[in-house]
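Read-outs: derived from the displayed coordinates by stated rules, not from any lab. What you see is a predicted model; the values in this text were computed from it and never measured. Ideal geometry is used to build each Cβ from the backbone, glycine not excepted, and the neighbour counts take in all protein chains shown.
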Amino acid sequence: MQHTKQGLESLTIFEQLPRVELAVLPTPIQELARLSEALAGPRILVKRDDLTGLGGGGNKLRKLEYLVADAISKGANCVITAGAMQSNHCRQTAAAAAKSGLTCHLVLSGNALDKPTGNFYFDQLLGATLHFTERHLRNEKMESVAEELRAQGHSPYVIPIGGSNAVGAMGYVRALIEIDKQLKGDGTIVDRIIFSTSSGGTQAGLVLGAKLRGFDGQLTGISIDHGPDETDPSKFKATIYDIIAEASRNLGAPDICSMNDISIDYDYLGEGYGIVGELEREAIKLMAKTEGLLVGPVYTGRALGAMIDLIRRQAIGKNETVLFLHTGDDIALHAYNEDLLKP
Ligand SMILES: Cc1ncc(COP(=O)(O)O)c(C=O)c1O
């Protein structure tokens with residue numbers, strides 16, 4: 001597919017968006033020849049967004065480059081966001097805030113852990129102020145923290161869970177452009193990109209970036225926590241579509257994507273969010289033993305387990321070239337050592 005005229009105009013608008021540099025970019029694309037051999041499978045490449053650097057790295061830094069720029073342009077002096085106790089997004093927000101001279105408030109689900117492990121430990125090391133609440137009350141809690149801060153004379157900026165809105169998604173528009181340039185530079189054609197999808201901003205950005213840039217490969221999001229048993233699957237798709245719709249309007253290309261561009265696999269939910277099962281355990285160990293590469297327990301371990309299963313079932317053909325997007329959650333491995341060292 002070629003760039004359309006509309007795509008080119010939107011890319012010009014995109015390049016002018018306010019952004020602060022937080023991540024080490026571009027991240028490398030590497031060959032996973034030994035994993036591929038162990039699976040007698042297709043050619044497998046990995047995009048190392050675990051190497052974005054700041055505060056341990058991961059996918060959220062790309063979104064935060066746009067979100068922090070937006071916060072600063074609106075005069076904010078502190079940011080508030082929310083997530084799970086082992087949220088990678090919260091850790092990276094704390095790092096981004098520290099680097100940008102903003103204070104950071106994190107709303108975490110559950111009660112403070114007795115032992116500081118994984119992301120929960122790094123949140124504290126990175127200087128964030130922590131608040132705790134039940135999972136379903138996180139948005140309300142962010143609003144009440146914002147109100148308290150305003151009453152104290154601060155200017156808070158609320159970053160949505162996962163940094164997933166039209167501003168944050170621009171980070172993954174940029175990532176797709178980066179991937180496409182790297183592949184074209186090497187003369188590599190990738191048939192499919194596989195990645196974890198949860199709050200949807202990563203997928204929204206990738207889908208929009210692919211349309212703007214004329215990238216033809218399939219984009220398969222492995223759902224981490226949204227499933228048909230919990231909600232109507234099309235509801236999650238609609239959430240992603242809404243992010244794309246707003247982001248594409250902001251780039252002057254309102255109708256560039258459709259719902260059909262969003263592909264989500266709901267088959268790998270296991271026993272639920274944050275529960276490591278055999279799928280994740282085997283995938284994490286196989287990647288570690290064949291490639292010396294660490295993937296995380298909650299997101300990348302599950303998406304990798306799904307990719308391995310799709311390869312074994314030949315739903316991904318041996319002649320394809322697959323790019324696995326490592327979105328960076330190996331820090332959370334420290335909180336799962338007992339689950340992972342089970343034989
Ligand atoms: C390591 C990791 N990968 C993938 C995702 C999913 O990205 P998104 O929330 O943009 O769908 C997350 C989200 O929290 C994450 O922490």
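Remark: spin-label model distance N111-K181 equals 5.0 nm, labels positioned 7 Å along the Cα→Cβ axis. When only alpha carbons are used to place a centre, the range 277-343 and the range 180-259 end up 21 Å from one another. Based on C-alpha pairs under 8 angstrom that are at least 6 apart in sequence, the range 1-137 has a relative contact order of 19 percent.
Given a Förster distance of 22 angstrom, what is the FRET efficiency for D339 paired with H136, based on the Cβ-Cβ distance and rounded to 0.05? Using R0 = 22 Å, I get an efficiency of 0.30. Overall dimensions of the chain, expressed as equivalent-ellipsoid semi-axes from the Cα gyration tensor (√(5λ), whole Å, largest first), are 30, 26, 18. Each Lys and Arg adds +1 at its Cβ and each Asp and Glu adds -1 at its Cβ; summed about the Cα centre, the range 1-158 shows a dipole of about 240 debye. Taking the Cα centre of the chain as reference, the dipole from Cβ charges on Lys and Arg (+1) and Asp and Glu (-1) amounts to some 640 debye. Among F132, I256, Y273, which residue has its Cα positioned farthest towards the positive end of the charge dipole of the chain, with +1 placed on the Cβ of Lys and Arg, -1 on the Cβ of Asp and Glu, and the dipole taken about the Cα centre? The residue sitting most towards the positive pole is I256.
The ratio of the alpha-carbon radius of gyration of the range 61-162 to the globular-protein estimate 2.2 N^0.38 Å is 0.98. Normalised by the number of residues in the chain, the average gap of Cα pairs under 8 Å and 6 or more apart makes the relative contact order 22 percent. Here the residues I311, I243, I159, ranked from fewest to most Cβ neighbours within 10 Å of their Cβ, fall in the order I311, I243, I159.
Here S144 and D242 are evaluated by their C-beta separation; at R0 = 30 Å the FRET efficiency comes out at 0.75. Among F236, F132, the order by Cβ neighbours within 10 angstrom, fewest to most, reads F132, F236.
Residues with amide H under 5 Å of F132's amide H, sequence separation 5 or more or different chain, H placed in the peptide plane at 1.01 Å from N; which? Those lying under 5 Å, H to H, from F132 are L108. Extent of the range 260-309 along its three principal axes (Cα atoms, max minus min coordinate, largest first): 37, 23, 16 Å. Charged neighbours of E134, selected by a Cβ distance under 13 Å, balance to +2 (K, R count +1; D, E count -1).
Look at L25, L106 and count the other Cβ atoms within 10 Å of each Cβ; fewest to most, that gives L25, L106. Cα centroids of the range 48-92 and the range 97-155: 13 Å apart.
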